[in-house]
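What follows is a single structure, written as structure tokens, with notes after it.
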Amino acid sequence: MRLNNLLIYFLIGFLIGCSDNKLHHGKDYIFGTLIDIKIYGESKVNAEKVSDEIFTEFHRLHKLLHPWEKSLITDINNAISKNKSISINNDEIIKILTDVQRLETQTQNLFNPSIGKLIKLWGFHSNDYNRKTIPNEEIIQKLVSSNPSMQSIIIKNGILKSNNKNVQIDLGGYAKGYALDQAKKILKNNNVKNALINIGGNILAFGKYDERDWVVGIQNPRKPNILATIALKPGWAIGTSGDYQRYIMVDNKRFSHLINPKTGYPERKTQSATILLPPSEDSGTLSDVFSKPLFIISKKNKVNMATLLNINYFLIIMDDDSILLSKSLNKEINWEDDIDKKNITIF
């Protein structure tokens, strides 16, 4: 994890009261990111038990969904690459893939988990992304023109197949949000009333911290400090897609892992897109997924995309440091940095 992410992580911990002896902390490193679980008001024994149960679930999902280590997803990708069908005896995976197909269509294909070959080509199928050159343009265009899409995957009677050999599933833009929703179920099943789950910036508020809402920070994409804070109401989720966590530098230009499926290139005119979503069964998943199209789509279409996806709370920082902010979020946000208000446009 990059230094600025670590600094923000500790700052967020400070904001919500690290020294409170009623606050249990659990930490682990899963999904290629730092995970923090905070449980408030429970006994130490119960808090540790629930925290361990959540981490165990996260490790299970990591092994199930990982896009390049040995997993059921890599087995599926291997079968597709050989133009073979594969038997899927896992109802959860079938449900996830069906859900992902729906979300791809809903986001006008800007959330497209079938572009794993493009992600690998850019060097992001690794925890050590240090590529120094841009991939060959002909190869990029060949992959794009092959039109990889989750819609080409057919699942019938437990048998999965695809007629597009360039489809390679990568659920990196889905798994963390899905994990949040699974954690929510575990908290409910254990009658935990108050908790905050943070998976590398994808955060779910469960209940409150004492009598106050949980307070979280939004990172400044270009500085190692918090840009603003937000009080998360019970059940709300927040998700951010940014170019400051996983990226390469080529000729002093930043290329992040957030690739536009329609061009094959990383989107370079957006620094970050943060969204807040109200409580729902899949609010964690959607907070992870919906920040991607809002990041990738052109500036002139970002607000329209937010409307299409029913996102009423958003903050988008462009490459020129201008900020697009929704009216709803403007009422909730507390700026922590020296912000030039002239750079903010409210919608």
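Points worth noting:
- Theoretical ellipticity at 222 nm over the chain - DSSP helices of four or more residues, -39500 (n - 2.57) apiece, nearest 500: -10000 deg cm²/dmol
- Averaging Cα coordinates gives a centre for segment 169-188 and one for segment 202-228; these two points are 19 Å apart.
- Note on segment 298-341 and segment 68-116: Cα centroid distance 31 Å, given to the nearest whole angstrom.
- In percent, rounded to a whole number, the relative contact order of the chain is 17, using alpha-carbon pairs under 8 Å and six or more apart.
- Other residues within the sphere of radius under 10 Å centred on the Cβ of SER287, judged by their own Cβ, net out at -2 (K and R +1, D and E -1).
Taken together, the values in this text are just the output of simple stated rules run on the coordinates, not laboratory data. Quantities reported herein were computed from a predicted structural model and do not represent experimental measurements. Every residue, glycine as well, gets a Cβ built from its backbone with ideal geometry; the counts of neighbours run over all protein chains shown.
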